[in-house]
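> Dropping a structure here in C-alpha cells format, bear with me for questions.
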Amino acid sequence: MSGISLATAINNQWVSNMGTINCVGILTSGGDAPGMNAAIRAVTRSAIYNGFEVKGIYRGYRGLITGEIVPFRTENVSNIIQHGGTILKTARCKEFETPEGRKQAYDTLVKEGINALVVIGGDGSLTGARIFAQEYDFPIVGLPGTIDNDLYGTDHTIGYDTALNTIMEAVDKIRDTATSHERLFFIEVMGRDAGFLALNGAIATGCEAAIIPEISTEIDQLEELVKNGFRKSKNSSIVLVAESPTTGGAIHLAERVKNEYPQYDVRVTILGHIQRGGSPTAHDRILASRMGAAAIDALLDGQRNVMVGIRNDEIVYVPFSKAIKYDKPINRELLNTLRKLSI
Ligand code: ADP
C-alpha cells in the first residue's frame, strides 16, 4: 500500500469518527508575515495527501463573508514557499466582529461545503476564530502567523525569524552612519505589545539597549539609560524601541532627549513595513511547513479550537483560550545578557 492510500484509509476512518470533515478552507488574516505562503502550501499539500478537498479563501474573514473562495489543488501552491506576503491576500474585517457578519461567514461555509477551517494569523485573527468556532461549533485550527512572536504557548511564530533578520541587516547599516557621526540613534521596530523583536534585535546587533513595553510600566527606561551614560566606551549609541503606546515610540523618546538631555545628538529611524516583507528565512519556511502539516494532523486527530505551537522543537496544540488570553512573558535572561554586554 502506498503512503497516500494508507494515509487516506486512516483519514477515512477519522472522517467517519468526526462525522463531517471532508473539505478544509484556508485563510490568512490580519497583519501579513513572511512564511504565510509556506504555511498555505503545507496545509494544502498535507490536506490533499490525507484525502481532503481544499479551498482557498481570499482576504481573510472578508472573503468568508463575500464568498471569495476557490478550490485549491497542489499546483495552486507551487513555487510560493520562497515568497513573502500571502497569495491568499489578507485583510482586516470589522463585519466579522459582529454576530451578523459571522452568520454570513457561516452561511458561505455551508454553501461551499467547507467543514473545517485553518486560520493563519495573529492574536486578533485567532480571537475571531475562537469566537466563531464556539458560536457555530465549527472545527478550526489556528497557525500563529505574526512577526511579533507574541502568542502564548509557542516559542516562535511564523514570520518572526525573518523580521528579526531584516532588523539585523538594517541596524547594521545604520550603525555605520551612527559611528561616523558619533550620534545617538533610536530605531523603532514593530511589536505592538511585545518586545521580542526589539530585545533580540538589540542583542543580535550589539545595541546599547532595548526599550520594550514589558518593562516600560516598571521603570523609566530612558532615564535609566541616561543615568548610565549610554555606552561609555563608544562614540555612538543605538537603542531599539518597540513601537507601542507603552514605550511611547522612538519619536517621543527622541523629543524627550532633545528637551531633557540636549547634550546628545539624537536621530530617529522607523523601520516600518520593511520588517514584514522579504523572502522567509529557512527557519520560518521549516516552521511554517511543520505547523501547516500539524494543522491537518490536528483535524485528523479530532482536535478543534487549538493553535499549533512549537515548544522545545516539538509540535504542541494550545487551546485558543490560552493562546489568546495569556501574555507571553519576555525572557529576563535576555534582558540581563543585553545589559551585561552593553557596558
Ligand atoms: P492580527 O491577527 O494580526 O492580530 P487584527 O487584530 O487586525 O490582526 O485582527 C484581524 C481580524 O481578526 C480583524 O480584522 C477581525 O476580522 C478579526 N477579529 C479580531 N478580533 C476579533 C473579535 N474580537 N471578534 C471577531 N473577530 C475578530
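The values are calculated or read from the model by the stated rules, or taken from the named source; none is laboratory data. Owing to the predicted nature of the structure, the values given are computational and were not obtained by experimental measurement. We place every Cβ from the backbone using ideal geometry, glycine too, and count neighbours over all the protein chains shown. Ligands, DNA and RNA are excluded from the accessible area calculation, which covers all protein heavy atoms including side chains. Shrake-Rupley method; radii C 1.70, N 1.55, O 1.52, S 1.80 Å.
> Write out, first by first residue and then by second, each pair whose Cβ atoms fall under 7 Å of each other, whose residues are 6+ apart or on separate chains, and whose first residue, in the range 318-343, is aromatic (Phe, Trp, Tyr) while the second is open to solvent by 30 Å² or more (accessible area, probe 1.4 Å) and in a helix (DSSP H, G or I).
From residues that are aromatic (Phe, Trp, Tyr), the pairs are Phe320/Arg130.
> Taking into account only those residues within the range 70-116 that are within 16 Å of the ligand (Cβ to nearest atom) and basic (Lys, Arg), which is nearest to Ile140 (Cα to Cα)?
For the range 70-116, the residue satisfying everything is Arg102.
> Assess whether Thr86 counts as being crowded, with 20+ Cβ neighbours inside 10 Å and within 27 Å of Ile274 (Cα to Cα).
Taking the combined requirement at face value, the residue satisfies it.
Let's see how each residue does on (1) within 16 Å of the ligand (Cβ to nearest atom); (2) polar (S, T, N, Q); (3) in the same structural domain as Asp148 (by TED's automatic domain parsing):
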| residue | (1), (2), (3) |
| --- | --- |
| Thr28 | yes, yes, yes |
| Ala33 | yes, no, yes |
| Ala38 | no, no, yes |
| Ser46 | no, yes, yes |
| Tyr49 | no, no, yes |
| Glu53 | no, no, yes |
| Ile57 | yes, no, yes |
| Leu64 | yes, no, yes |
| Glu68 | yes, no, yes |
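> Let me ask something else. I'd like to know if the range 140-153 contains one or more residues that are away from the ligand (no atom under 13 Å from the Cβ), at negative phi, open to solvent by 30 Å² or more (accessible area, probe 1.4 Å) and over 11 Å from the mean Cα position of the chain (by Cα).
The answer is yes, given that some residue of the range 140-153 is away from the ligand (no atom under 13 Å from the Cβ), at negative phi, open to solvent by 30 Å² or more (accessible area, probe 1.4 Å) and over 11 Å from the mean Cα position of the chain (by Cα).
> Follow-up. Enumerate the strands (runs of 3 or more DSSP E) found wholly within the range 233-343, keeping only those where 1 or more residues are more than 25 Å from Arg183 (Cβ to Cβ) and of a type in the set (Ser, Thr, Tyr).
Correct list: 314-319.
> Every residue in the range 129-139 that is open to solvent by less than 10 Å² (accessible area, probe 1.4 Å) and near the ligand (Cβ under 9 Å from one of its atoms), please.
Ala129, Phe132
> Sticking with this structure for a sec: Looking only at the range 263-301, filter to residues that are at pLDDT below 95 and touching a helix residue (DSSP H, G or I) at 6+ places or on another chain (Cβ under 6 Å); which one of those is farthest from Ile40 (Cα to Cα)?
The qualifying residue farthest from Ile40 (Cα to Cα) is Tyr264.
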